[in-house]
Amino acid sequence: MIFSVSGRTLALPADSVRRFLPLPRLDRPPAAPAVVAGLFRYQGRAVPVLRLDLLFGFDAAPPELYAPLFLTDWTGRPLALLADRVFNILPIPDAERTAADPGLTFNGCAVATIPHGAGTATLIDPTRLLTEAEGRLLTAFQDMADERLARLGASGSGVGEEAR
């Protein structure tokens, strides 16, 4: 799946994306880390939305109204990634992949470069988006949001609208 973030062309393995979602109303609790755009409720869980622009150190690009979200899993929990635009979903034979420059990525999340149009896209391994410490912090944050949802009950979540 090929998409853009802050003018950069990136890709994710299509099998790592559970669903595409339109950008729901996001709630941003005061304790949210800067890379978390906010939270929304999906199937009874609080789902954090990561801003890849900030996570990768790209130019900050506030999300537009119709920005796409990719619902994925992070250690068995739902996680959404915010993009600017989706270009295509297409098969890329292994023979067309070239190694990514390890010096250009944090935590080794860029695993390959693939052809896209007249240029290339950087293939990202979603399991390497966060360091172990960042993952623990995100899990703790999500646990707090889930507890808040449970206290407030199904009638008033305070954590965004249920995405369908």
Tally time: how many residues in segment 1-43 are open to solvent by 10 Å² or more (accessible area, probe 1.4 Å), under 26 Å from Pro91 (Cα atoms) and not aliphatic (A, V, I, L, M)?
-> 12
Would you please list the contacts, defined by Cβ atoms under 6 Å and residues six or more apart or on different chains, that run from a residue in segment 25-54 that is closer than 14 Å to Leu79 by Cβ to a residue that is open to solvent by 10 Å² or more (accessible area, probe 1.4 Å) and of a type in the set (Lys, Arg)?
-> Val35/Arg51; Ala37/Arg51; Gly38/Arg28
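Of everything in segment 44-71, what is part of a strand (DSSP E or B), closer than 30 Å to Gly153 by Cβ and open to solvent by less than 50 Å² (accessible area, probe 1.4 Å)? Give them in sequence order. Spell out how you get there, then give the answer.
As a first pass, look at segment 44-71 and keep what is part of a strand (DSSP E or B): 45-51, 68-71.
Next, only the ones that are closer than 30 Å to Gly153 by Cβ stay: 45-51, 69-71.
If the condition is that a residue be part of a strand (DSSP E or B), closer than 30 Å to Gly153 by Cβ and open to solvent by less than 50 Å² (accessible area, probe 1.4 Å), then Ala46, Val47, Pro48, Val49, Leu50, Arg51, Leu69, Phe70, Leu71 are the ones that fit.
Among Thr127, Thr113, Thr120, which is polar (S, T, N, Q) and touching a Lys or Arg at 6+ places or on another chain (Cβ under 9 Å)? Walk me through it before giving the result.
Values: Thr127 fails: touching a Lys or Arg at 6+ places or on another chain (Cβ under 9 Å); Thr120 fails: touching a Lys or Arg at 6+ places or on another chain (Cβ under 9 Å).
Result: Thr113 is the single residue among Thr127, Thr113, Thr120 that is polar (S, T, N, Q) and touching a Lys or Arg at 6+ places or on another chain (Cβ under 9 Å).
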If you go through segment 89-129, how many residues are open to solvent by less than 70 Å² (accessible area, probe 1.4 Å) and in a strand (DSSP E or B)?
-> 12
Within segment 144-155, tally of residues that are open to solvent by less than 30 Å² (accessible area, probe 1.4 Å) and out of contact with any Ser or Thr (no Cβ under 6 Å at 6 or more places or on another chain) = 2
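Is it the case, given these coordinates, that Phe141 is among the aromatic types (Phe, Trp, Tyr) and either loosely packed, with under 14 Cβ neighbours inside 10 Å or at pLDDT below 85 (or both)?
On the way: among the aromatic types (Phe, Trp, Tyr): yes; either loosely packed, with under 14 Cβ neighbours inside 10 Å or at pLDDT below 85 (or both): yes.
So Phe141 fits the description; yes.
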What single numbered condition from (1) surrounded by fewer than 17 Cβ atoms within 10 Å (Cβ to Cβ); (2) closer than 16 Å to Ala11 by Cβ fails to hold for Ala83?
-> (1)
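The values are calculated or read from the model by the stated rules, or taken from the named source; none is laboratory data. As the structure is a computational prediction, the values presented were derived from the model and not from experiment. Quick reminder, even Gly has a Cβ in these numbers, built from the backbone with ideal geometry, and neighbours come from all protein chains shown. Areas reflect the complete protein model, heavy atoms only, side chains present, ligands, DNA and RNA absent. Shrake-Rupley method; radii C 1.70, N 1.55, O 1.52, S 1.80 Å.
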